[in-house]
Amino acid sequence: MGRLTPEHMTKLSEGTFSNLIGLKFTELGPDRVVGELSVSPQLHQPFGLVNGGVYCTVVETLASTGAGAWFGERGTVVGVNNNTDFLRGVREGVLRGEATPIHRGRLQQLWQVVITDEQERVVARGQVRLQNLPAA
């Protein structure tokens, strides 16, 4: 993945699902990835709250990006499990996700992601286990 900047990663994401939900990278490194998105009605479920799939996407995207940044030129990473808890309903505002590693091993990584609202309340949190795939 090399030394990508948050702006470059946001640009690379154009046309992808994370771009569709409006996720923008604000910090990107091998030890921490941060992203933000503005809540719009298109991200709601039928009862006017952010759909849980949005949180799962943010968790998966930020964790995978951080894991890939850490694994770097050694190969690629793929998610093998995403476990996301929804803690507080959100209808509007800006959400911020922060991914940090829990474990980084030879074959797998485990990253946690905490998503907060504008008042810094935790609205969702998740973790992603990723498989490290060495370059051939």
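Please verify whether Arg125 is of a type in the set (Lys, Arg), over 24 Å from Leu4 (Cβ atoms) and in contact with a Ser or Thr (Cβ under 9 Å, 6 or more places away or on another chain), treating the condition exactly as stated. It is true that Arg125 is of a type in the set (Lys, Arg), over 24 Å from Leu4 (Cβ atoms) and in contact with a Ser or Thr (Cβ under 9 Å, 6 or more places away or on another chain). If you go through the range 80-102 and keep only what is in contact with a strand residue (DSSP E or B) (Cβ under 7 Å, 6 or more places away or on another chain) and not in a strand (DSSP E or B), you end up with Leu87, Arg88, Val90.
Exactly one residue among Arg91, Arg104, Arg96, Arg74 is touching a helix residue (DSSP H, G or I) at 6+ places or on another chain (Cβ under 7 Å) and open to solvent by 20 Å² or more (accessible area, probe 1.4 Å), and that residue is Arg104.
The values are calculated or read from the model by the stated rules, or taken from the named source; none is laboratory data. Note that the coordinates shown come from a computational prediction; the quantities given were computed from them, not determined experimentally. For neighbour counting, all protein chains shown are included, and Cβ atoms are generated from backbone atoms with ideal geometry for every residue, glycine included. These area figures cover heavy atoms from the full protein model, side chains too; ligands, DNA and RNA do not enter into them. Shrake-Rupley method; radii C 1.70, N 1.55, O 1.52, S 1.80 Å.
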